[in-house]
Amino acid sequence: MAVSGAIAGAERTDPPTVLIRPSRGWPAPDLGELRGHHELLYFLVWRTLKVRYKQTALGAGWAVAQPFLTMIVFSVFFGRLARIPSNGDPYPVFAYTALVPWTFFATALAGASNSLVEHERMLTKVYFPRLLLPLAAVCASLVDFAIAFVVLLGLLAWYGIAPGAQALTLPLLVALAFCTALAVGLWLAAVNVQYRDVRHVTPFLVQLWLFVSPVAYPTSLVPERWRALYGLNPMAGVVDGFRWALLDRGEPPPATVMAASAVAVALLLVGGLFYFRRMERTFADVV
């Protein structure tokens, strides 16, 4: 009887067995599972930042150097030589106000698209929600955005520009940029597992995207009849929104551009989430 009691006690202390089966069809994102792994998300974000700035002379200063130096180049070539209009604002402020959200988007997109390949060993050794990897890459870029934004506030103060009440819309615009980077990053990350051409295509794509976004020029240069089509580029809505929110201009950004941007982001994000979930069952075998 004593032996039976010991065996029964051992059975009570056995850890539960968790059986993980690959998903089938087009499964929806499991938000509850993501919340359960929030500590892993925090660790991945912290690790991404440490790797990015480890053994660099400027450290987090690179978060400012890239948009600031680009602003100087744009001011010389587009502001002074090409005399691109800047809606009456000083061209350096006009350019830097757009470059801060743009740099966030470009950095987040590059990190998200390569996130699965860079964490190949994790993918093949342990199960966790794969969606955390591109999500962590985008979240890490938010830290760089915050640092660059502080410099933007200093630049506004230097030129004597005080943002009005419309600055309260900035969180919505940051959320729009966040969703855009995550949506496109999900598509590229899933495809990158199968075709490594993505790592070569992404920098070229970002470069082209910069010039079809109103970073160096105002949207007013785009003919009115093309505004709705132009707004399908979600970053057009983000950049126009940032300028309106911070540079205290009376007119809000074109409604057609903002509406088209919001619809485009929603479609891209929903499609990206479902496509990522469908493909994630093959990631560990193919990567």
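The values are calculated or read from the model by the stated rules, or taken from the named source; none is laboratory data. In this text the structure is predicted, and so the values were computed from the model without any measurement. Ideal geometry is used to build each Cβ from the backbone, glycine not excepted, and the neighbour counts take in all protein chains shown. Side chains are part of the model used for accessible areas, which takes the heavy atoms of the whole protein and leaves out ligands, DNA and RNA. Shrake-Rupley method; radii C 1.70, N 1.55, O 1.52, S 1.80 Å.
Working from label points 7 Å from Cα in the Cα-to-Cβ sense, the PHE204 to ILE72 distance is 3.1 nm.
Helix 91-118 and the long axis of the chain differ in direction by around 20°, with both axes built from C-alpha atoms.
From the coordinates of this entry, volume of the Cα convex hull per residue in Å³ is computed, and it appears in (1) 135; (2) 177; (3) 115 under the label (2). For the chain, the Cβ-based charge dipole about the Cα centre amounts to some 400 debye (Lys, Arg positive; Asp, Glu negative; other atoms uncharged).
Projecting label points 7 angstrom from Cα along Cα→Cβ for ARG278 and ALA266 puts them 2.1 nm apart. If one takes the longest principal axis of the Cα atoms in the chain, at what angle in degrees, from 0 to 90 and to the nearest 10, does the Cα axis of helix 2-13 lie? Approximately 10 degrees, to the nearest 10. Helix 198-211 and the long axis of the chain differ in direction by around 30°, with both axes built from C-alpha atoms.
Can you tell which of PHE178, GLN66, VAL198 lies farthest toward the positive end of the dipole of the chain, using +1 and -1 charges on the Cβ of basic and acidic side chains (Lys, Arg; Asp, Glu)? With unit charges placed on the Cβ atoms, the residue in question is VAL198.
Taking the 1.4 Å solvent-accessible surface of the chain as the whole, the part contributed by carbon and sulfur is 67%. Here each label is just a point 7 Å from Cα along the line to Cβ, and for GLU39 and ALA60 those points are 2.5 nm apart.
Taking every Cα-Cα distance in the stretch 144-287 and sorting them into 5 Å bins starting at zero, the pair-distance distribution P(r) comes out as 2, 9, 15, 19, 18, 15, 11, 6, 4, 2, 1, 0 percent.
Taking a Cβ cut-off of under 15 Å around ASN233, the surrounding Lys, Arg, Asp and Glu residues balance to a net charge of 0, with basic ones at +1 and acidic ones at -1. At a probe radius of 1.4 angstrom, the accessible area of the stretch 182-267 per residue rounds to 47 square angstrom.
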